[in-house]
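Below is one structure; the comments refer to it alone.
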């Protein structure tokens, strides 16, 4: 089998691994090396000069000794198998880079024998890529659950970002669908990556006057939720005092992936788990992947079941609210109402459930409260706080400050005045938003996709 045949099989097999949306790694060009990486240097993202860049997203092998029920590459699956040699994949990556096809590599693999044996092959591939071929671009590597700590350290010194896929939201689901895995085999490398990044940060900070450590701890339950500026947004975690440029071990941090819809866990469970993962392992992202029901297994949804794409979308929105708007999971979903509203984005749904807190006065509302207003994002909220120091704001001013007035207007007052024609009624607003969404061309196309059976080939 030639290299291009392998590429066709292994790129297709990698489609269910969720890639990064931004690298988080910042490394300039080096003499004698190929490529560089910026914080936006990743799949379907943009560099500062406006270029859309991509990753080669591929498996080293789709042969797997594990038999995870939901996986198209599982041991018992009837599919074409292929395996790259480490040098073959490294040279292919550089060849594609020189042709300007890609900016980096997203590398994962089936379990080829054992986790350690697989990881050793991945390390050899990245060693050839970095040391022999002098590739300086972005690399995201998946860590196989159960990999030995010393191998996790080795691959972390070669990759920009590491990720260990949790995949299923509970230990019981993992036990049922993945008989070869257990929770500890997944969380141990996650903990190791987190610990090594913190140790490296301590060592790097010790040589500076600023000896503060990256703050990755969650606030106490009864303490107010602090907000820190981080890039263009606000986050519950302050930006690390040690830049990715100075790091050697996984400078872009780590992430994980959860499959949505393959098992019965509700959105409350998933968001509580996501919050715990952020707090425990300082993850950059939790990615959600809607399960594609194409496998005939009594433990899984039947083939032809609608793909939960809209649920995946709402979970991403909720995750964003937790990371950049200081929402807690309990504000978005509760044990008594454990599912996100599929018809409304979570921020608007929260506002309608708490309609008694509105309208908000733009001239004196604190930043944290402005962020709770539908249609007001971190940029708009900061602009409002700055602009009101010099003038009395009206609704025309808000429009110029990047506020989405169509959504925000019912929830705001400007100097005590409401906008003309506004009705602050939860049911009225809900019906209007749902009606507008259902009439949009985007949502018509989405409904067609959700109801269709997606094909792997």
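The values are calculated or read from the model by the stated rules, or taken from the named source; none is laboratory data. None of the values given here were measured: they were computed from a predicted structure. FYI the Cβ positions are ideal-geometry reconstructions off the backbone, even for glycines, and counts take in every protein chain you see.
Before moving on, here are some points about what is shown:
- In segment 365-383, the residues that are in a loop (DSSP other than H, G, I, E, B) and in contact (Cβ under 8 Å) with a residue 12 or more places away in the chain: 371, 372, 373, 374, 375, 376, 377
- Counting only strands (runs of 3 or more DSSP E) wholly contained in segment 161-236, the ones carrying 3 or more residues that are modelled with pLDDT of 90 or more occupy 161-163.
- Search result, residues across segment 135-158 that are at pLDDT 95 or above, part of a loop (DSSP other than H, G, I, E, B) and farther than 26 Å from residue 270 by Cβ: 148, 157, 158
- Residue in segment 330-337 that is within 23 Å of residue 250 (Cβ to Cβ) and crowded, with 19+ Cβ neighbours inside 10 Å present: no
- Filter result for residue 102 (crowded, with 19+ Cβ neighbours inside 10 Å, in the same structural domain as residue 142 (by TED's automatic domain parsing), in contact (Cβ under 8 Å) with a residue 12 or more places away in the chain and more than 26 Å from the chain's Cα centre (by Cα)): no
- Within segment 160-187, considering residues that are within 18 Å of residue 117 (Cβ to Cβ) and surrounded by 17 or more Cβ atoms within 10 Å (Cβ to Cβ), the one nearest to the chain's Cα centre (by Cα): 164
- Residue ranges of helices (runs of 4 or more DSSP H) in segment 242-337 with at least 2 members touching a strand residue (DSSP E or B) at 6+ places or on another chain (Cβ under 8 Å), under 26 Å from residue 198 (Cβ atoms) and not assigned by TED's automatic domain parsing to the domain that holds residue 74: 267-281, 309-324
- Boolean, residue 350 is within 23 Å of residue 433 (Cα to Cα), without any contact (Cβ under 8 Å) to a residue 12 or more places away in the chain and either surrounded by 14 or more Cβ atoms within 10 Å (Cβ to Cβ) or more than 24 Å from the chain's Cα centre (by Cα) (or both): no
- Members of segment 384-406 found to be touching a helix residue (DSSP H, G or I) at 6+ places or on another chain (Cβ under 7 Å), part of a loop (DSSP other than H, G, I, E, B) and closer than 30 Å to residue 333 by Cβ, listed by number: 402, 403
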